[in-house]
2 protein chains.
Amino acid sequence: MIRVAVVDDQELVRSGFVVLLGTSPDIEVVGEAGDGEEAWGLCRRTTPDVVLMDVRMPRMDGLEATRRIMADPRCARTHVLILTTFDEDELVHDALRAGASGFLLKDTRPARLLDAIAVVAAGDALLAPSVTRRLIEQFAALPSRPMPPTADGLTDREREVLVAVSRGSSNQEIADSLHMGYGTVKTHVSHLLTKLECRDRAQLVMYAYESGLLIPGSS
Amino acid sequence: MIRVAVVDDQELVRSGFVVLLGTSPDIEVVGEAGDGEEAWGLCRRTTPDVVLMDVRMPRMDGLEATRRIMADPRCARTHVLILTTFDEDELVHDALRAGASGFLLKDTRPARLLDAIAVVAAGDALLAPSVTRRLIEQFAALPSRPMPPTADGLTDREREVLVAVSRGSSNQEIADSLHMGYGTVKTHVSHLLTKLECRDRAQLVMYAYESGLLIPGSS
DNA sequence: TACCTCCTCTGTCTGCAGATAGAAGCGGAT
DNA sequence: ATCCGCTTCTATCTGCAGACAGAGGAGGTA
């Protein structure tokens, strides 16, 4: 049995969902809320498996409510499924960053919504097809990791040193962490400078990021 | 009527799909192929709306075939739906980059597969729930553009110097390009090092990228 | 065996980097 | 009118960075 909470500021929409969910034998509606504040409180009390969350609501919107729910240890097993009328990139991004497990439009077919609830309850995720398409486009446009892991003429050891340099380590620190002599580090660094046509380690750091060897955030 | 091509190197799997697709009144199977080479040729001849594409195949794999199909102007209206047994990040990334509109696992329920074909034929996209989850996680981990344009306690001038440093410029070069004295640059750099708690300019470069002040590729 | 590449280490030397302290003009805020 | 923060500049000093040259050991290949 999947325990579901329904959050929407419009009474009519809410009851529509409740009726729909009632047609599924696997789903139990454990509560309703009319704004983000109520939703947060409801989740803390009832710890549902899935929250059907509207975005535009008075007092506190669905995104902020999602953030709070995801940050609350008492709601650890709760997954949020965003349901909105508006299909905007900005909204999708914010929702996913807030920790939502799904993003569907309100014109989704009923059968698909029930399906989505099962998917989200299982810990997986699911997006509206149009959203998926745009997400993929953006994803494909990102610098690809495997392509330019710049297989330059660098040796393995040199690559290790380059990464260390790019983390801001001094030569002595690199020597310690990589278990080699101080002078050896300088040799490797010199080779890097020559091969990559850089003048100093600051340029090496730039190179590491621009080439895709290092990705911001992926430390 | 949605025109579909089925590509898989295993005869049995292929015929299974054909039978399944035959149960839908909206779908017409226009051809089959046993490897990437054949698939490419098939698509050029028959221009299907959707290609069900296996990945692991002899001669040419599904990813390379997808790349060629997407690059071929004669296949402009063709969408590729990847169907594989293996749920690996690397594979998903490559597939999406190759231009696939969908990525499903072979354990997908039949009804969902038929649904997916309709979605893909309509120009939208769709991923297996487990894939969606991981894609979202990775997406949410990306540095959000509007958030960290790091409005630290830096002055405008300091920010300019930081950018210059992060491009690998020496103090003298910065002095020239920003029209200030050599010593002034050093003053600003020192303030940057103090404020951002960095030890040297290499760490400043790393900071600039990790904070989102600089984005790889966006020079 | 000889050859080559990679990794290792040892030196010396030049120079920029960075710390630190002080000073002055300028603009906004009180 | 005064104070404060930003920007600008000067000056001295320590130290790591990087250039350059040389050399030995480990491993793979012809």
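Restricting attention to segment A:154-170, the residues being within 12 Å of DNA strand C (Cβ to nearest atom), surrounded by fewer than 19 Cβ atoms within 10 Å (Cβ to Cβ) and more than 13 Å from A:His191 (Cβ to Cβ) number 1. Here the condition is being touching a residue at least 40 places away in the same chain (Cβ under 8 Å) and buried (at least 16 other Cβ atoms within 10 Å of the Cβ); of B:Asp94, B:Asp89, B:Asp54, B:Asp61, it holds for B:Asp54 alone. Scanning segment B:15-28 for residues that are within 20 Å of B:Lys106 (Cβ to Cβ) and either of a type in the set (Gly, Ala, Ser) or surrounded by fewer than 19 Cβ atoms within 10 Å (Cβ to Cβ) (or both) returns B:Ser15, B:Gly16, B:Val18, B:Val19, B:Leu20, B:Gly22, B:Thr23, B:Ser24.
Scanning segment A:171-195 for residues that are over 33 Å from the mean Cα position of the chain (by Cα) and within 14 Å of chain B (Cβ to nearest Cβ) gives A:Asn171, A:Gln172, A:Glu173, A:Val185, A:Val189, A:Leu192, A:Leu193.
On the stretch given as segment B:97-112, residues that are in contact (Cβ under 8 Å) with a residue 24 or more places away in the chain and over 19 Å from A:Val119 (Cβ atoms) total 4. Filtered by the rule that a residue be within 15 Å of A:Asp156 (Cβ to Cβ) and more than 7 Å from DNA strand C (Cβ to nearest atom), segment A:186-201 gives A:His191, A:Leu192, A:Lys195.
Restricting attention to segment B:194-203, the residues that are at pLDDT 90 or above and part of a helix (DSSP H, G or I) total 3. Considering segment B:200-219, and only residues there that are at the interface with chain A (Cβ under 7 Å from one of its Cβ atoms), of a type outside the set (A, V, I, L, M) and within 15 Å of A:Arg167 (Cα to Cα), the residue that is nearest to DNA strand D (Cβ to nearest atom) turns out to be B:Arg201. Only a single criterion out of (1) within 8 Å of chain B (Cβ to nearest Cβ); (2) assigned to a helix (DSSP H, G or I); (3) surrounded by fewer than 19 Cβ atoms within 10 Å (Cβ to Cβ) is not satisfied by A:Gly123, namely (2).
Being in contact with a His (Cβ under 6 Å, 6 or more places away or on another chain), surrounded by 21 or more Cβ atoms within 10 Å (Cβ to Cβ), modelled with pLDDT of 95 or more and within 26 Å of A:His93 (Cα to Cα): is that true of A:Val7 here? No: the conditions fail for A:Val7. The single condition among (1) at pLDDT 90 or above; (2) more than 11 Å from every other protein chain (Cβ to nearest Cβ); (3) not in a helix (DSSP H, G or I) that A:Leu154 does not satisfy is (1).
The values are calculated or read from the model by the stated rules, or taken from the named source; none is laboratory data. Being a predicted model, the structure only gives us computed values, none of them experimental. Cβ coordinates were reconstructed from backbone atoms using ideal geometry, including for glycine residues, and neighbour counts include every protein chain displayed.
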